[in-house]
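What follows is a set of notes on a single structure, which appears directly below.
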(Lines give C-alpha, C1' and ligand atoms only; values in the text may rest on other atoms or scores of the structure.)
Protein backbone atom coordinates (compact mmCIF):
# COMPACT_ATOMS: atom_id res chain seq x y z
CA UNK A 1 0.00 0.00 0.00
CA UNK A 2 1.15 3.54 -0.74
CA UNK A 3 1.57 5.95 2.18
CA UNK A 4 -0.73 8.95 2.52
CA UNK A 5 2.17 11.28 1.69
CA UNK A 6 2.96 9.36 -1.50
CA UNK A 7 -0.66 9.51 -2.67
CA UNK A 8 -0.90 13.18 -1.72
CA UNK A 9 2.25 14.23 -3.61
CA UNK A 10 1.37 12.03 -6.59
CA UNK A 11 -1.98 13.73 -7.10
CA UNK A 12 -0.40 17.16 -6.72
CA UNK A 13 2.12 16.34 -9.46
CA UNK A 14 -0.58 14.83 -11.70
CA UNK A 15 -2.80 17.89 -11.16
CA UNK A 16 0.10 20.17 -12.09
CA UNK A 17 0.68 18.24 -15.34
CA UNK A 18 -3.06 18.08 -16.05
CA UNK A 19 -3.23 21.88 -15.73
CA UNK A 20 -1.21 22.37 -18.93
CA UNK A 21 -3.73 20.25 -20.85
CA UNK A 22 -6.60 22.06 -19.12
CA UNK A 23 -5.14 25.43 -20.16
CA UNK A 24 -5.19 24.48 -23.85
CA UNK A 25 -8.94 23.67 -23.92
CA UNK A 26 -10.90 26.61 -25.39
CA UNK A 27 -14.53 25.50 -25.12
CA UNK A 28 -15.97 26.78 -21.83
CA UNK A 29 -18.37 23.88 -21.10
CA UNK A 30 -15.81 21.21 -21.97
CA UNK A 31 -13.22 22.97 -19.82
CA UNK A 32 -15.63 23.14 -16.90
CA UNK A 33 -16.62 19.49 -17.15
CA UNK A 34 -12.96 18.46 -17.41
CA UNK A 35 -12.12 20.24 -14.16
CA UNK A 36 -15.14 18.71 -12.39
CA UNK A 37 -14.67 15.15 -13.63
CA UNK A 38 -10.97 15.15 -12.79
CA UNK A 39 -11.81 16.56 -9.34
CA UNK A 40 -14.28 13.71 -8.78
CA UNK A 41 -11.68 11.18 -9.96
CA UNK A 42 -9.28 12.50 -7.30
CA UNK A 43 -11.92 12.26 -4.57
CA UNK A 44 -13.02 8.79 -5.68
CA UNK A 45 -9.40 7.60 -5.77
CA UNK A 46 -8.59 8.70 -2.21
CA UNK A 47 -12.02 8.27 -0.61
CA UNK A 48 -13.76 5.44 -2.45
CA UNK A 49 -17.42 5.15 -1.45
CA UNK A 50 -16.94 7.92 1.10
CA UNK A 51 -17.22 10.38 -1.78
CA UNK A 52 -20.82 10.37 -0.55
CA UNK A 53 -19.79 12.90 2.16
CA UNK A 54 -18.76 15.70 -0.23
CA UNK A 55 -21.77 14.94 -2.44
CA UNK A 56 -24.29 15.18 0.43
CA UNK A 57 -22.66 18.34 1.78
CA UNK A 58 -22.67 20.04 -1.63
CA UNK A 59 -26.23 18.98 -2.52
CA UNK A 60 -27.78 20.22 0.73
CA UNK A 61 -25.84 23.51 0.58
CA UNK A 62 -26.85 24.04 -3.06
CA UNK A 63 -30.51 23.51 -2.18
CA UNK A 64 -30.27 25.97 0.73
CA UNK A 65 -28.86 28.60 -1.65
CA UNK A 66 -31.79 28.09 -4.03
CA UNK A 67 -34.47 28.18 -1.33
CA UNK A 68 -33.49 31.12 0.90
CA UNK A 69 -31.02 33.69 -0.45
CA UNK A 70 -31.53 35.99 2.54
CA UNK A 71 -30.47 33.43 5.17
CA UNK A 72 -28.55 30.83 3.16
CA UNK A 73 -25.19 32.06 4.51
CA UNK A 74 -26.20 31.32 8.10
CA UNK A 75 -27.88 28.03 7.23
CA UNK A 76 -24.91 26.83 5.16
CA UNK A 77 -22.46 27.86 7.87
CA UNK A 78 -24.32 25.85 10.50
CA UNK A 79 -24.94 22.87 8.24
CA UNK A 80 -21.45 22.51 6.72
CA UNK A 81 -19.61 22.97 10.01
CA UNK A 82 -22.10 20.65 11.69
CA UNK A 83 -21.49 18.06 8.97
CA UNK A 84 -17.73 18.52 9.32
CA UNK A 85 -17.99 17.81 13.07
CA UNK A 86 -20.20 14.77 12.39
CA UNK A 87 -17.67 13.51 9.84
CA UNK A 88 -14.80 13.93 12.34
CA UNK A 89 -16.71 12.18 15.14
CA UNK A 90 -17.45 9.13 13.00
CA UNK A 91 -13.81 8.98 11.97
CA UNK A 92 -12.35 9.50 15.45
CA UNK A 93 -14.63 6.91 17.02
CA UNK A 94 -13.74 4.54 14.16
CA UNK A 95 -17.30 4.16 12.92
CA UNK A 96 -15.92 4.89 9.47
CA UNK A 97 -12.38 4.31 8.24
CA UNK A 98 -11.93 7.16 5.78
CA UNK A 99 -8.51 8.40 4.68
CA UNK A 100 -6.89 11.59 5.88
CA UNK A 101 -7.28 12.91 2.34
CA UNK A 102 -11.07 12.76 2.66
CA UNK A 103 -10.74 14.99 5.70
CA UNK A 104 -8.68 17.51 3.68
CA UNK A 105 -11.28 17.48 0.90
CA UNK A 106 -14.09 18.04 3.39
CA UNK A 107 -12.18 20.93 4.98
CA UNK A 108 -11.66 22.81 1.71
CA UNK A 109 -15.22 22.03 0.60
CA UNK A 110 -16.59 23.54 3.83
CA UNK A 111 -14.85 26.85 3.12
CA UNK A 112 -15.94 26.94 -0.51
CA UNK A 113 -19.62 26.22 0.19
CA UNK A 114 -19.85 28.72 3.03
CA UNK A 115 -18.00 31.34 0.99
CA UNK A 116 -20.35 30.77 -1.95
CA UNK A 117 -23.41 31.10 0.29
CA UNK A 118 -22.11 34.48 1.49
CA UNK A 119 -21.54 35.57 -2.11
CA UNK A 120 -25.13 34.55 -2.96
CA UNK A 121 -26.47 36.37 0.10
CA UNK A 122 -24.43 39.54 -0.50
CA UNK A 123 -25.39 39.58 -4.20
CA UNK A 124 -29.04 39.28 -3.23
CA UNK A 125 -28.77 42.31 -0.93
CA UNK A 126 -26.88 44.35 -3.54
CA UNK A 127 -29.53 43.60 -6.17
CA UNK A 128 -32.29 44.67 -3.79
CA UNK A 129 -30.70 48.13 -3.56
CA UNK A 130 -29.69 48.46 -7.20
CA UNK A 131 -32.71 50.55 -8.10
CA UNK A 132 -31.75 53.09 -5.40
CA UNK A 133 -28.18 53.73 -6.53
CA UNK A 134 -26.35 54.58 -9.72
CA UNK A 135 -24.06 52.15 -11.49
CA UNK A 136 -21.20 51.06 -9.23
CA UNK A 137 -18.39 49.02 -10.82
CA UNK A 138 -17.40 47.53 -7.45
CA UNK A 139 -20.90 46.33 -6.61
CA UNK A 140 -21.36 45.12 -10.16
CA UNK A 141 -18.20 43.03 -9.92
CA UNK A 142 -19.06 41.60 -6.51
CA UNK A 143 -22.54 40.58 -7.64
CA UNK A 144 -22.62 37.01 -8.92
CA UNK A 145 -25.34 35.36 -10.97
CA UNK A 146 -27.32 32.91 -8.88
CA UNK A 147 -25.60 29.52 -9.48
CA UNK A 148 -27.92 26.56 -10.02
CA UNK A 149 -27.29 23.21 -8.34
CA UNK A 150 -25.10 21.93 -11.19
CA UNK A 151 -22.95 25.07 -11.12
CA UNK A 152 -22.49 24.68 -7.37
CA UNK A 153 -21.24 21.13 -7.99
CA UNK A 154 -18.85 22.35 -10.69
CA UNK A 155 -17.35 24.86 -8.24
CA UNK A 156 -17.22 22.42 -5.33
CA UNK A 157 -15.58 19.59 -7.27
CA UNK A 158 -13.16 21.63 -9.40
CA UNK A 159 -9.83 19.79 -9.24
CA UNK A 160 -7.89 23.00 -8.53
CA UNK A 161 -7.23 23.15 -4.81
CA UNK A 162 -9.42 20.16 -4.02
CA UNK A 163 -6.75 18.60 -1.75
CA UNK A 164 -4.67 21.56 -0.61
CA UNK A 165 -6.54 24.75 -1.33
CA UNK A 166 -6.03 27.61 -1.84
CA UNK A 167 -9.47 29.01 -1.13
CA UNK A 168 -10.81 31.06 -4.03
CA UNK A 169 -14.21 32.68 -4.36
CA UNK A 170 -16.89 31.53 -6.76
CA UNK A 171 -16.37 34.82 -8.60
CA UNK A 172 -12.70 33.94 -9.14
CA UNK A 173 -13.70 30.47 -10.35
CA UNK A 174 -16.25 32.01 -12.73
CA UNK A 175 -13.66 34.47 -14.10
CA UNK A 176 -11.42 31.58 -15.12
CA UNK A 177 -14.04 30.44 -17.62
CA UNK A 178 -15.69 33.73 -18.57
CA UNK A 179 -12.88 36.33 -18.46
CA UNK A 180 -9.69 35.09 -20.02
CA UNK A 181 -7.14 37.19 -18.14
CA UNK A 182 -5.00 34.06 -17.79
CA UNK A 183 -4.36 34.08 -21.54
CA UNK A 184 -2.43 37.36 -21.23
CA UNK A 185 -0.73 36.69 -17.89
CA UNK A 186 2.93 35.65 -18.05
CA UNK A 187 3.41 32.58 -15.93
CA UNK A 188 6.40 30.45 -16.92
CA UNK A 189 9.04 32.49 -15.04
CA UNK A 190 6.84 32.46 -11.94
CA UNK A 191 6.39 28.70 -12.22
CA UNK A 192 10.13 28.11 -12.54
CA UNK A 193 10.81 30.28 -9.50
CA UNK A 194 8.30 28.35 -7.38
CA UNK A 195 9.47 24.94 -8.60
CA UNK A 196 12.98 25.86 -7.48
CA UNK A 197 11.54 26.71 -4.06
CA UNK A 198 9.82 23.31 -3.95
CA UNK A 199 13.06 21.47 -4.71
CA UNK A 200 14.88 23.33 -1.91
CA UNK A 201 12.02 22.73 0.56
CA UNK A 202 11.99 19.00 -0.22
CA UNK A 203 15.68 18.76 0.70
CA UNK A 204 15.15 20.71 3.94
CA UNK A 205 12.14 18.58 4.85
CA UNK A 206 13.75 15.20 4.19
CA UNK A 207 16.97 16.02 6.04
CA UNK A 208 15.33 17.64 9.07
CA UNK A 209 12.60 15.00 9.47
CA UNK A 210 15.29 12.28 9.34
CA UNK A 211 17.40 14.01 11.99
CA UNK A 212 14.54 15.07 14.29
CA UNK A 213 11.55 12.70 13.89
CA UNK A 214 8.29 13.70 15.56
CA UNK A 215 8.01 10.18 17.03
CA UNK A 216 10.62 11.18 19.64
CA UNK A 217 7.86 12.86 21.64
CA UNK A 218 6.41 9.39 22.30
CA UNK A 219 9.77 7.93 23.27
CA UNK A 220 10.33 7.53 27.03
CA UNK A 221 14.08 7.93 26.59
CA UNK A 222 13.48 11.40 25.15
CA UNK A 223 12.14 12.52 28.55
CA UNK A 224 14.53 10.57 30.78
CA UNK A 225 17.87 10.79 28.94
CA UNK A 226 17.84 14.32 27.50
CA UNK A 227 18.44 17.74 29.01
CA UNK A 228 15.89 20.53 29.37
CA UNK A 229 17.68 22.62 26.74
CA UNK A 230 17.53 19.73 24.23
CA UNK A 231 13.82 19.19 24.84
CA UNK A 232 13.19 22.88 24.24
CA UNK A 233 15.42 22.79 21.15
CA UNK A 234 13.37 19.88 19.82
CA UNK A 235 10.31 22.12 19.92
CA UNK A 236 12.02 24.44 17.42
CA UNK A 237 13.15 21.61 15.15
CA UNK A 238 9.67 20.06 15.08
CA UNK A 239 8.21 23.40 14.06
CA UNK A 240 10.84 23.78 11.33
CA UNK A 241 9.80 20.41 9.87
CA UNK A 242 6.11 21.27 10.29
CA UNK A 243 6.27 24.60 8.50
CA UNK A 244 8.54 23.21 5.77
CA UNK A 245 5.88 20.58 5.08
CA UNK A 246 3.16 23.24 5.00
CA UNK A 247 5.24 25.47 2.72
CA UNK A 248 5.48 22.58 0.27
CA UNK A 249 1.69 22.19 0.24
CA UNK A 250 1.17 25.93 -0.21
CA UNK A 251 3.64 26.27 -3.09
CA UNK A 252 2.35 23.12 -4.82
CA UNK A 253 -1.19 24.48 -4.68
CA UNK A 254 0.00 27.81 -6.10
CA UNK A 255 1.77 26.26 -9.11
CA UNK A 256 -1.35 24.22 -9.96
CA UNK A 257 -3.40 27.45 -9.96
CA UNK A 258 -0.81 29.33 -12.00
CA UNK A 259 -0.45 26.53 -14.57
CA UNK A 260 -4.25 26.32 -14.98
CA UNK A 261 -4.75 30.11 -15.10
CA UNK A 262 -6.80 30.35 -11.91
CA UNK A 263 -6.57 33.73 -10.18
CA UNK A 264 -4.99 35.82 -12.96
CA UNK A 265 -6.06 39.49 -12.80
CA UNK A 266 -4.77 42.88 -13.99
CA UNK A 267 -2.16 44.16 -11.54
CA UNK A 268 -3.81 47.61 -11.45
CA UNK A 269 -6.83 46.01 -9.73
CA UNK A 270 -4.53 45.08 -6.82
CA UNK A 271 -5.79 41.52 -6.31
CA UNK A 272 -5.45 40.17 -2.77
CA UNK A 273 -5.17 36.58 -1.59
CA UNK A 274 -8.55 34.85 -1.57
CA UNK A 275 -10.39 38.09 -2.26
CA UNK A 276 -9.51 38.93 -5.86
CA UNK A 277 -9.50 42.50 -7.22
CA UNK A 278 -9.81 45.30 -4.66
CA UNK A 279 -9.50 48.48 -6.81
CA UNK A 280 -10.22 49.84 -10.29
CA UNK A 281 -13.15 47.50 -10.90
CA UNK A 282 -14.02 49.45 -14.03
CA UNK A 283 -11.02 47.79 -15.73
CA UNK A 284 -12.73 44.43 -15.33
CA UNK A 285 -15.71 45.69 -17.31
CA UNK A 286 -13.44 46.50 -20.26
CA UNK A 287 -13.38 43.64 -22.74
CA UNK A 288 -10.17 44.71 -24.47
CA UNK A 289 -7.43 45.82 -22.10
CA UNK A 290 -4.28 47.43 -23.47
CA UNK A 291 -1.46 45.13 -24.57
CA UNK A 292 0.84 46.78 -22.03
CA UNK A 293 -1.42 45.77 -19.13
CA UNK A 294 0.39 43.74 -16.45
CA UNK A 295 -1.18 40.74 -14.72
CA UNK A 296 -0.43 38.74 -11.60
CA UNK A 297 -1.61 35.73 -9.61
CA UNK A 298 -1.71 37.41 -6.19
CA UNK A 299 -5.30 36.23 -5.74
CA UNK A 300 -4.20 32.62 -5.14
CA UNK A 301 -0.92 33.24 -3.27
CA UNK A 302 -1.06 31.49 0.10
CA UNK A 303 2.21 32.57 1.64
CA UNK A 304 5.27 34.77 1.32
CA UNK A 305 7.90 32.58 2.96
CA UNK A 306 10.55 35.29 3.31
CA UNK A 307 8.15 37.68 5.04
CA UNK A 308 6.78 35.00 7.36
CA UNK A 309 10.29 33.99 8.38
CA UNK A 310 11.58 37.53 8.95
CA UNK A 311 8.61 39.48 10.35
CA UNK A 312 9.02 40.25 14.05
CA UNK A 313 5.52 39.79 15.47
CA UNK A 314 2.97 37.00 15.73
CA UNK A 315 0.19 39.35 14.62
CA UNK A 316 2.10 40.25 11.47
CA UNK A 317 2.94 36.62 10.72
CA UNK A 318 -0.64 35.37 11.15
CA UNK A 319 -1.82 37.85 8.52
CA UNK A 320 0.55 36.49 5.88
CA UNK A 321 0.30 32.81 6.85
CA UNK A 322 -2.02 30.75 4.60
CA UNK A 323 -3.41 34.05 3.34
CA UNK A 324 -6.37 32.73 1.33
CA UNK A 325 -7.70 30.94 4.43
CA UNK A 326 -6.95 34.02 6.53
CA UNK A 327 -9.07 36.02 4.10
CA UNK A 328 -11.95 33.55 4.53
CA UNK A 329 -11.76 33.72 8.33
CA UNK A 330 -11.49 37.52 8.33
CA UNK A 331 -14.29 38.05 5.79
CA UNK A 332 -16.84 35.50 6.96
CA UNK A 333 -16.10 35.12 10.69
CA UNK A 334 -14.12 38.02 12.16
CA UNK A 335 -15.83 40.94 10.41
CA UNK A 336 -19.34 39.51 10.81
CA UNK A 337 -19.15 38.25 14.39
CA UNK A 338 -21.61 40.42 16.36
CA UNK A 339 -19.54 40.87 19.56
CA UNK A 340 -16.50 42.98 18.66
CA UNK A 341 -14.46 42.15 21.76
CA UNK A 342 -14.75 38.43 21.07
CA UNK A 343 -14.02 38.54 17.34
CA UNK A 344 -10.39 37.40 17.62
CA UNK A 345 -11.29 34.50 19.92
CA UNK A 346 -14.21 33.53 17.65
CA UNK A 347 -11.92 33.55 14.59
CA UNK A 348 -9.31 31.30 16.19
CA UNK A 349 -11.98 29.01 17.68
CA UNK A 350 -13.57 28.49 14.26
CA UNK A 351 -10.09 27.86 12.87
CA UNK A 352 -9.49 25.20 15.54
CA UNK A 353 -12.82 23.47 14.81
CA UNK A 354 -12.08 23.59 11.09
CA UNK A 355 -8.70 21.91 11.61
CA UNK A 356 -10.12 19.11 13.77
CA UNK A 357 -11.45 18.00 17.15
CA UNK A 358 -8.16 17.01 18.75
CA UNK A 359 -7.19 18.95 21.92
CA UNK A 360 -3.89 20.03 20.35
CA UNK A 361 -5.70 22.22 17.79
CA UNK A 362 -7.61 24.09 20.49
CA UNK A 363 -4.64 24.38 22.88
CA UNK A 364 -2.48 25.89 20.16
CA UNK A 365 -4.91 28.09 18.23
CA UNK A 366 -7.00 29.33 21.18
CA UNK A 367 -3.81 30.40 22.97
CA UNK A 368 -3.00 32.89 20.23
CA UNK A 369 -5.50 35.65 21.21
CA UNK A 370 -4.02 36.03 24.71
CA UNK A 371 -0.49 36.25 23.35
CA UNK A 372 -1.61 38.81 20.74
CA UNK A 373 -3.03 40.90 23.59
CA UNK A 374 0.30 40.77 25.44
CA UNK A 375 2.30 41.36 22.26
CA UNK A 376 0.25 44.45 21.41
CA UNK A 377 1.01 45.90 24.84
CA UNK A 378 4.74 45.44 24.34
CA UNK A 379 4.61 46.71 20.80
CA UNK A 380 2.86 49.87 21.95
CA UNK A 381 4.55 50.51 25.28
CA UNK A 382 8.14 49.71 24.42
CA UNK A 383 8.81 49.92 20.69
CA UNK A 384 7.03 53.27 20.43
CA UNK A 385 9.20 54.66 23.25
CA UNK A 386 12.45 53.55 21.62
CA UNK A 387 14.20 56.82 20.83
CA UNK A 388 17.11 55.42 18.87
CA UNK A 389 17.76 52.95 16.07
CA UNK A 390 19.64 50.68 18.47
CA UNK A 391 16.71 50.44 20.87
CA UNK A 392 14.27 49.81 18.05
CA UNK A 393 16.45 47.01 16.67
CA UNK A 394 16.73 45.50 20.17
CA UNK A 395 12.98 45.46 20.72
CA UNK A 396 12.38 44.11 17.23
CA UNK A 397 14.85 41.31 17.94
CA UNK A 398 13.21 40.49 21.29
CA UNK A 399 9.75 40.36 19.74
CA UNK A 400 11.12 38.15 16.96
CA UNK A 401 12.58 35.71 19.52
CA UNK A 402 9.23 35.61 21.29
CA UNK A 403 7.42 35.09 18.00
CA UNK A 404 9.54 32.10 17.09
CA UNK A 405 9.28 30.70 20.60
CA UNK A 406 5.48 30.90 20.62
CA UNK A 407 5.04 29.64 17.07
CA UNK A 408 7.34 26.69 17.80
CA UNK A 409 5.40 25.83 20.95
CA UNK A 410 2.01 26.13 19.25
CA UNK A 411 3.26 24.14 16.27
CA UNK A 412 4.43 21.43 18.63
CA UNK A 413 1.02 21.28 20.38
CA UNK A 414 -0.70 21.30 16.98
CA UNK A 415 1.21 18.18 15.92
CA UNK A 416 1.09 16.23 19.18
CA UNK A 417 -2.74 16.38 19.14
CA UNK A 418 -3.49 14.22 22.21
CA UNK A 419 -3.80 15.75 25.68
CA UNK A 420 -1.70 13.10 27.46
CA UNK A 421 1.29 13.61 25.11
CA UNK A 422 0.89 17.39 25.27
CA UNK A 423 0.84 17.44 29.08
CA UNK A 424 3.82 15.10 29.24
CA UNK A 425 5.90 17.34 27.00
CA UNK A 426 4.77 20.57 28.71
CA UNK A 427 5.67 19.07 32.09
CA UNK A 428 9.09 18.08 30.77
CA UNK A 429 9.85 21.72 29.88
CA UNK A 430 8.14 22.99 33.07
CA UNK A 431 5.45 24.85 31.11
CA UNK A 432 8.05 27.54 30.32
CA UNK A 433 6.26 29.03 27.25
CA UNK A 434 3.18 29.72 29.38
CA UNK A 435 5.23 31.06 32.29
CA UNK A 436 7.13 33.36 29.94
CA UNK A 437 3.96 34.90 28.46
CA UNK A 438 2.32 35.32 31.90
CA UNK A 439 5.52 36.96 33.19
CA UNK A 440 5.49 39.33 30.20
CA UNK A 441 1.91 40.27 31.01
CA UNK A 442 2.63 40.88 34.72
CA UNK A 443 5.64 43.07 33.87
CA UNK A 444 3.58 45.08 31.37
CA UNK A 445 0.83 45.68 33.96
CA UNK A 446 3.40 46.70 36.58
CA UNK A 447 4.99 49.11 34.10
CA UNK A 448 1.55 50.58 33.29
CA UNK A 449 0.80 51.18 36.98
CA UNK A 450 4.23 52.69 37.53
CA UNK A 451 3.79 55.01 34.56
CA UNK A 452 0.35 56.06 35.85
| task | Kindly indicate whether residue 200 is outside any helix (DSSP H, G or I) and surrounded by fewer than 16 Cβ atoms within 10 Å (Cβ to Cβ). | result | no
| task | Determine, yes or no, whether residue 192 is at negative phi, exposed (fewer than 14 other Cβ atoms within 10 Å of the Cβ) and assigned to a helix (DSSP H, G or I). | result | yes
| When you go through (1) under 23 Å from residue 111 (Cβ atoms); (2) in a loop (DSSP other than H, G, I, E, B) one by one for residue 430, which number turns out not to apply? | (1)
| Are any residues in the range 385-427 touching a residue at least 40 places away in the same chain (Cβ under 8 Å) and not in a helix (DSSP H, G or I), and if so, which ones? | 417, 418
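Results for (1) on the phi > 0 side of the Ramachandran plot; (2) at pLDDT 90 or above; (3) in contact with a strand residue (DSSP E or B) (Cβ under 9 Å, 6 or more places away or on another chain); (4) surrounded by 15 or more Cβ atoms within 10 Å (Cβ to Cβ), shown as yes or no for each residue.
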position: 271; (1), (2), (3), (4): no, yes, yes, yes
position: 277; (1), (2), (3), (4): no, yes, yes, yes
position: 291; (1), (2), (3), (4): no, no, no, no
position: 302; (1), (2), (3), (4): no, yes, no, yes
position: 310; (1), (2), (3), (4): no, yes, no, no
position: 326; (1), (2), (3), (4): no, yes, no, yes
position: 356; (1), (2), (3), (4): yes, no, no, yes
position: 368; (1), (2), (3), (4): no, yes, no, yes
position: 377; (1), (2), (3), (4): no, no, no, yes
| query | Taking residue 263, is it part of a loop (DSSP other than H, G, I, E, B), in contact (Cβ under 8 Å) with a residue 24 or more places away in the chain and within 27 Å of residue 309 (Cβ to Cβ)? | reply | yes
| Within the group 49, 14, which residue is closer than 22 Å to residue 254 by Cα and not in a loop (DSSP other than H, G, I, E, B)? | 14
| query | Of all residues in the range 347-372, which are in contact (Cβ under 8 Å) with a residue 60 or more places away in the chain and either outside the structural domain of residue 418 (by TED's automatic domain parsing) or within 13 Å of residue 313 (Cβ to Cβ) (or both)? | reply | 371
| Considering only the range 203-234, how many residues are in a helix (DSSP H, G or I) and surrounded by 10 or more Cβ atoms within 10 Å (Cβ to Cβ)? | 19
| task | Go through 312, 351 for me and flag whichever is touching a helix residue (DSSP H, G or I) at 6+ places or on another chain (Cβ under 6 Å) and assigned to a loop (DSSP other than H, G, I, E, B). | result | 312
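The values are calculated or read from the model by the stated rules, or taken from the named source; none is laboratory data. Quantities reported herein were computed from a predicted structural model and do not represent experimental measurements. Counting neighbours? That spans all protein chains shown, and the Cβs are built from the backbone with ideal geometry, glycine included.
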